[in-house]
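Colleague: Dropping a structure here in structure tokens format, bear with me for questions.
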Amino acid sequence: MKNKIIIFCCQEIGYLFIKYINENNLCDIQMVVSYETIYDKLYGYNYNIERYCIKNNILFEKQKNITNSLISKIKKINPNYIFSIYTRTIFTDEILSIPSNGCINIHPSILPKYKGPVPTAWAILNNEKQVGITIHKMVKKIDDGPIMFQKKIKIFKNENGFQLHKRVMNESLKFLKKNLKKILTNKYVLKKQK
């Protein structure tokens, strides 16, 4: 039996992750929760998460915040996993406790460094030589959960914030695809953030 999952996502990486899972029949996507971000229009991303979900008979909820109605729907689904892919939705304790195998987040930095939004911009502003990707279990405190997988990415000389953001987003999708089977079969060792 395939894992039942719910995906909270935004931006191009969210769209491509849903498409990858759906087209490869890797999990049973029970619901997608998404909303349009400023980056969608600003960077001219050419995709539509809602349209893709409707076309593929995937339940779609257009919400940025957690509501009682959304919590009820998630409880009814009783997912094995909830994935958080480039969304700024803050999960409540109640949401975090629902999936049997937890909530998984992908974050574009080497945690514990640069928690929170836009870590690639902070890395450039602070003249870092590298940034990275962290896949971690979610806990109440934002970007603070135990680490499942990490990868470092070099920052190129003269690379601007948009270029780095786009490149790290593409690398994040590849990294997520590479480790998805391990996540779904619990083949990983959790490491506490230090």
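The values are calculated or read from the model by the stated rules, or taken from the named source; none is laboratory data. Nothing here was measured: the structure is a model prediction, and the numbers come from that model. No Cβ is skipped: glycine too gets one built from the backbone with ideal geometry, and neighbour counts run over all protein chains shown. Keep in mind that these areas ignore ligands, DNA and RNA; they rest on the heavy atoms of the full protein, side chains included. Shrake-Rupley method; radii C 1.70, N 1.55, O 1.52, S 1.80 Å.
Colleague: Checking the conditions here, which among Pro117, Pro108 is surrounded by fewer than 15 Cβ atoms within 10 Å (Cβ to Cβ) and within 13 Å of the chain's Cα centre (by Cα)?
Modeller: Pro117
Colleague: A follow-up question, please. State the number of residues belonging to the range 140-150 that are surrounded by fewer than 17 Cβ atoms within 10 Å (Cβ to Cβ) and outside any loop (DSSP other than H, G, I, E, B).
Modeller: The total comes to 1.
Colleague: Look at the range 120-133 and say how many of its residues are open to solvent by less than 50 Å² (accessible area, probe 1.4 Å) and assigned to a strand (DSSP E or B).
Modeller: 3
Colleague: Take the range 105-116 and flag every residue that is assigned to a loop (DSSP other than H, G, I, E, B) and free of Cβ contacts under 8 Å to residues at least 60 places away in the same chain.
Modeller: Residues satisfying the conditions are Ser109, Ile110, Lys113, Tyr114, Lys115, Gly116.
Colleague: Just checking: which of the strands (runs of 3 or more DSSP E) contained wholly in the range 19-104 hold 3 or more residues that are open to solvent by 50 Å² or more (accessible area, probe 1.4 Å), of a type in the set (Val, Ile, Thr) and over 23 Å from Leu190 (Cβ atoms)?
Modeller: Ranges flagged: none.
Colleague: Also, quick follow-up: Given the criterion surrounded by fewer than 15 Cβ atoms within 10 Å (Cβ to Cβ) and touching a residue at least 24 places away in the same chain (Cβ under 8 Å), identify the matching residue among Phe175, Phe162.
Modeller: Of Phe175, Phe162, the one residue that is surrounded by fewer than 15 Cβ atoms within 10 Å (Cβ to Cβ) and touching a residue at least 24 places away in the same chain (Cβ under 8 Å) is Phe162.
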